[in-house]
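Visitor: Sharing a structure below in structure tokens format, with a few things to ask.
The values are calculated or read from the model by the stated rules, or taken from the named source; none is laboratory data. None of the values given here were measured: they were computed from a predicted structure. Glycine also receives a Cβ, built like all others from the backbone with ideal geometry; neighbour counts cover every protein chain displayed. Side chains included, ligands, DNA and RNA excluded: accessible areas come from the protein's heavy atoms. Shrake-Rupley method; radii C 1.70, N 1.55, O 1.52, S 1.80 Å.
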Amino acid sequence: MYVNHRSIAAISRHNGRMDIAEFTGVHQAVISGSPWAAPPLFGTAAGQGVRQFAELGLALLLSLLIGLERELQQKSAGLRTHTLVGVGSALFMEVSIHGFGSLADVTGEARVDVSRVAAQIVSGIGFIGGGLIFVRRDAVRGLTTAATIWLTCAVGMACGGGLPLLGAGATLVHFLVVRGLPLATRRLANGRAVAQVELRLSYRTRRGLLGRVLELCTSRGFRVTDVHIHSETSESGKVKEADVVLGLEGRASPHPLVEELTEWEGILGVGLHAPGDSTE
């Protein structure tokens with residue numbers, strides 16, 4: 001039982017003559033004001049006030065905007081994933097800042113390092129980001145989406161840590177990078193001289209893929225100057241896979257073309273080479 005000098009003084013004022021009911025009332029009053037008294041479960045003064053809910057709401061809004069952009073681009077991580085990552089990161093920050101205050105009150109001189117939870121959030125989000133990156137032959141997919149998950153985590157942490165302007169600024173930077181930079185690179189590519197490249201594909205036959213590839217190349221502003229096809233036959237004599245080398249000319253960058261082809265079903269490998277490059 002916790003008794004401090006106030007309870008002793010209360011007893012001495014009654015010259016030690018107190019019944020059980022009086023002593024219980026005095027003791028409860030002392031305990032309610034002691035450092036060991038836990039805050040109310042649904043109280044708004046212990047890190048559960050309007051400010052904290054506003055920070056969570058802002059994290060929800062900003063992460064929802066980022067996730068909506070990824071959803072419209074039909075990426076593997078979309079609206080729900082980004083929203084949950086942002087709100088979860090903000091909640092972790094709120095718990096880190098406000099959830100361990102009672103521990104310091106009990107021990108009196110305990111030092112609570114709120115940055116430890118933030119550090120674990122940064123390391124833990126790598127598992128989600130790593131699961132979004134896929135490597136197929138020489139093509140890597142999901143890097144931008146994984147980086148966006150990482151940024152959404154940072155936005156949620158900023159909102160939960162009481163830095164909403166930084167979170168909003170980071171969200172604006174996201175849209176400038178994923179929307180503005182492709183436009184800038186296309187304009188730079190349009191100003192360049194006509195480039196010649198070789199697009200090398202490995203694909204499954206009997207699916208009409210070659211015709212679709214040629215149509216895609218011409219729609220992206222490239223002119224097909226040469227086509228070489230090498231087919232591989234199976235034991236039954238049927239052609240299952242084929243390799244094709246397309247000579248392309250154009251002002252646009254061929255890298256978005258490669259990124260789109262790697263997502264096609266039936267495409268086994270995509271590569272870019274300058275004419276005359278050695279394959280060794």
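Visitor: Can you check what the net charge comes to around Thr145, using other residues whose Cβ is under 12 Å from the Cβ of Thr145 (Lys, Arg +1; Asp, Glu -1)?
Guide: Working: positive: Arg70, Lys75, Arg141; negative: Glu69, Glu71.
Result for the local shell: +1.
Visitor: Largest first, how would Phe100, Phe127, Phe134 line up by accessible area (1.4 Å probe)? Can you show the working numbers first?
Guide: Numbers: Phe100 85, Phe127 170, Phe134 115 Å².
Solvent-accessible surface, decreasing: Phe127, Phe134, Phe100.
Visitor: Return the FRET efficiency for the residue pair Arg207, Ile133: r is the Cβ-Cβ distance, R0 is 25 Å, and the value is rounded to the nearest 0.05.
Guide: Once rounded, the FRET efficiency stands at 0.40.
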